[in-house]
1. Name the residue that is surrounded by the most Cβ atoms within 10 Å (Cβ to Cβ), counting only residues in the stretch 49-80 that are over 15 Å from Gly11 (Cα atoms) and within 16 Å of the ligand (Cβ to nearest atom).
2. Of all residues in the stretch 43-62, how many are charged (D, E, K, R) and within 13 Å of Asn76 (Cα to Cα)?
3. Condition test on Ile2, is it touching a residue at least 60 places away in the same chain (Cβ under 8 Å) and either under 26 Å from His133 (Cβ atoms) or among the hydrophobic types (A, V, I, L, M, F, W, C) (or both)?
4. Looking only at the stretch 1-48, count how many residues are part of a loop (DSSP other than H, G, I, E, B), within 15 Å of the ligand (Cβ to nearest atom) and of a type outside the set (Val, Ile, Thr).
5. Looking at the stretch 64-90, I want the residues that are within 16 Å of Ala122 (Cβ to Cβ) and have a partner that is more than 8 Å from the ligand (Cβ to nearest atom) and acidic (Asp, Glu) with Cβ atoms under 6 Å, at least 6 apart or on another chain. Which pairs are those?
6. For the stretch 10-24, which positions are surrounded by fewer than 19 Cβ atoms within 10 Å (Cβ to Cβ) and touching a residue at least 24 places away in the same chain (Cβ under 8 Å)?
7. Check Thr93, Thr111, Thr126 and return the single one that is within 19 Å of Ser7 (Cα to Cα) and crowded, with 16+ Cβ neighbours inside 10 Å.
8. In the list Ala74, Ala101, which residue meets the criterion of being among the small types (Gly, Ala, Ser) and out of contact with any Ser or Thr (no Cβ under 8 Å at 6 or more places or on another chain)?
Amino acid sequence: MIIALASDHGGFALKEQIKAHLAGRGFDVTDLGTNSEESVDYPAFGKACGEEVASGKADLGIVCCGTGIGISIAANKVKGVRCGLCTSVEMATLTKQHNNANILALGGRTTAPELAMEIVDAWLDTEFEGGRHQRRVDMLDNM
Ligand code: RB5
């Protein structure tokens, strides 16, 4: 299982913590940057992570910016990406069960690191439910 990570400066610190957390859980991580708190443009990093997942180079992705909003919008512009911005464990569980989100977005300035790791774990450890949700996911993928 390869997980791609990307952030802008606002999500950099959280990305680094997630990277360590994932390594501790035994996942392979592809870090697409950014690599410091110097200001960068989140659309480029959301696009990079989206393309890494949509192309199959990574199985899943996690993106972080200040709020998680901008970088999730960018990732969702890539066909085949279903990126869910989550601020709770319940949202993380549901975005896998119902949306089969292949990228998780988090806000480095809006979600505390401890909660962010719980959200990451819930999303990774939850299975897609399929059934009626498959039809809706297919509709998303065909847009
Ligand atoms: C950067 O200042 C900030 O706008 C960005 O990290 C993000 O929150 C955008 O949605």
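Just so it is clear, none of the values below were taken in a lab; they were calculated from the coordinates. All values derive from a computational prediction rather than experimental measurement. In this analysis, Cβ positions are derived from the backbone assuming ideal geometry, glycine residues included, and neighbour counts consider all displayed protein chains.
1. Initial filter on the stretch 49-80 (over 15 Å from Gly11 (Cα atoms)): 50-60, 76-80.
With within 16 Å of the ligand (Cβ to nearest atom) added as a condition, the list becomes 50, 76-77.
On the way: Gly50: 27, Asn76: 18, Lys77: 12.
It comes out as Gly50.
2. Filtering the stretch 43-62 for residues charged (D, E, K, R) gives 47, 51-52, 57, 59.
Okay, now just the ones that are also within 13 Å of Asn76 (Cα to Cα), so 47, 51-52.
Total satisfying the criteria: 3.
3. Working: touching a residue at least 60 places away in the same chain (Cβ under 8 Å): no; either under 26 Å from His133 (Cβ atoms) or among the hydrophobic types (A, V, I, L, M, F, W, C) (or both): yes.
Taking the combined requirement at face value, the residue does not satisfy it.
4. 7
5. Cβ pairs passing all conditions: Val89/Glu118.
6. Initially, the stretch 10-24 is screened for residues surrounded by fewer than 19 Cβ atoms within 10 Å (Cβ to Cβ), giving 13, 16-17, 19-21, 23-24.
Those that are surrounded by fewer than 19 Cβ atoms within 10 Å (Cβ to Cβ) and touching a residue at least 24 places away in the same chain (Cβ under 8 Å): Ala13, Gln17, His21.
7. Numbers: Thr93 fails: within 19 Å of Ser7 (Cα to Cα); Thr126 fails: within 19 Å of Ser7 (Cα to Cα).
One residue alone meets the criteria, Thr111.
8. Values: Ala101 fails: out of contact with any Ser or Thr (no Cβ under 8 Å at 6 or more places or on another chain).
Only one candidate qualifies: Ala74.
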